[in-house]
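First the structure, in the form of structure tokens, and then the observations on it.
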Amino acid sequence: MEYGLIGEKLGHSYSPEIHAHLGDYDYILREIARGDLGDFLHGGDFRGFNVTIPYKRDVLPYLDEISDVAREIGCVNTVVKRADGSLYGHNTDIGGFIAMLRRAGIDPKGRKAAVLGSGGTSLTARTALKRMGAGEIITVSRSGPIDYDAFARNHTDTEILVNTTPVGMYPNNGASPVSLAPFAALIGVVDVVYNPWRTALMLDAEARGIPHTSGLPMLVAQAREAAELFTGRPIDPSVDEGILAALRAKMLNLILIGMPGCGKTTMGTLLSDIMDRPLLDSDEEVVRCAGMSIPELFATRGEQGFRDMESEILADMGKRSGVIIATGGGAILRDENVRALRQNGLLCLITRDIHMLPRDGRPLSSSEGAVVKLWNARREKYFAAADYVVDNGASPEDAVRLIKEGFHEAAGH
């Protein structure tokens, strides 16, 4: 291993993709059992590595020197082997955290900040907030002394909220460590989780217009600082935005919404081939799960039964990353569906002349009058849910090109 990331259980990590943008070196993932950590550090053939859970403290006894920052926090996330073979440890997480807040326009100077969680990342956040001049900094944890109930009762004047717990992280999407309702003074919400792209906490902050950020900018910024140690040369912080855009474009789902018959499945099939992404069709999945056609499902279980099944399927599909999802025409009728889709996706509304929409086999749009009525009833919700709009009035190829271009533009790539 030249460079890489070590941990006990790594699963999927974006680190190799990030480091590919930062330097001309090999960077791999290396899972190491706890009993093998010492042998790796003493005899490993490496030039440097990043460290993640659970070894950020465990590596300390094996290092010859650590930076003041690492000593202050009590853990390291970056180790480099010097020319003489000695091991030097540093912590780039603080720099990444500070860069994340600055990028989001969240200034904690003089503000009351609450950090959820009491682990290593919590200590990093508290140290960074202190360096940025935060006023009062409190720690909230299940074991107290400030537990979550006391936090909601006695600290409603919190201005900066930082979640360092894994609550809401994939695959437990949709969970939130706290409700934002009691905290009217909030001017910034930070969630170090970065999968999903928008956690429930971030979606709540977005709905209230509170500046917010996921942990992805921190991940990129700390990797850039680590790459500077690996390569021995400075790297312009401006590269962060390009890396973030590339990650967003890869992570995000492309969600197609619109009236029945507007072309979602057709466009999705073409886009799947062009963008080399799996296509998930919620109507097809409903049919598969129900074992009957949608008209039969409406006839036997009613619209409510269909909508309930659709919501379950969309909740599961919304957890995925890097896919194309063609939704049913009424998917946006339930706020819970839009929320599930927005956590990892950008929503493209496909519009089409309503007089051109097909009606055969469609229970809610079986006549031209029904189509017009349906469009008038749903129009507002379609546009409210959409990140961008593409008209399917010309050729399918033109519409597909516009959908793809709009997706990359919305993703910032």
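Computed quantities for the displayed model
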read-out	value
Those residues of segment 336-351 which are over 20 Å from Tyr194 (Cα atoms), touching a strand residue (DSSP E or B) at 6+ places or on another chain (Cβ under 7 Å) and open to solvent by less than 20 Å² (accessible area, probe 1.4 Å), in sequence order	Cys348, Leu349, Ile350
Condition check for Leu341: touching an Asp or Glu at 6+ places or on another chain (Cβ under 7 Å), among the aliphatic types (A, V, I, L, M) and closer than 24 Å to Met202 by Cα	no
Among residues of segment 16-45, those that are closer than 15 Å to Thr231 by Cβ, open to solvent by less than 20 Å² (accessible area, probe 1.4 Å) and at pLDDT below 95, counted	1
The lone exception for Thr158 - which of (1) assigned to a loop (DSSP other than H, G, I, E, B); (2) farther than 23 Å from Ala223 by Cα; (3) of a type in the set (S, T, N, Q); (4) open to solvent by 10 Å² or more (accessible area, probe 1.4 Å) it fails	(4)
Test: residue in segment 77-100 that is in contact with a strand residue (DSSP E or B) (Cβ under 8 Å, 6 or more places away or on another chain), touching a residue at least 24 places away in the same chain (Cβ under 8 Å) and closer than 30 Å to Ala184 by Cα	yes
Residue among Gly38, Gly85, Gly95 that alone is assigned to a helix (DSSP H, G or I) and either aliphatic (A, V, I, L, M) or more than 24 Å from Pro217 (Cα to Cα) (or both)	Gly38
Single condition Val371 does not satisfy, out of (1) surrounded by 13 or more Cβ atoms within 10 Å (Cβ to Cβ); (2) farther than 18 Å from Met259 by Cβ; (3) at pLDDT below 95; (4) not basic (Lys, Arg)	(2)
From Arg248, Arg307, Arg288, Arg301, residue being basic (Lys, Arg) and under 25 Å from the mean Cα position of the chain (by Cα)	Arg248
Test: residue in segment 112-131 that is free of Cβ contacts under 8 Å to residues at least 24 places away in the same chain and closer than 24 Å to Tyr14 by Cβ	no
Any strands (runs of 3 or more DSSP E) falling wholly within segment 233-335 and containing at least 2 residues that are closer than 16 Å to Cys348 by Cβ and open to solvent by less than 10 Å² (accessible area, probe 1.4 Å)	253-257, 324-326
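The values are calculated or read from the model by the stated rules, or taken from the named source; none is laboratory data. From a predicted model like this one, the values you see are computed outputs, not experimental measurements. Here Cβ is always computed from backbone atoms with ideal geometry, including for glycine, and neighbour counts include all displayed protein chains. Remember, those area values only see protein heavy atoms, side chains included, never the ligands or the DNA or RNA. Shrake-Rupley method; radii C 1.70, N 1.55, O 1.52, S 1.80 Å.
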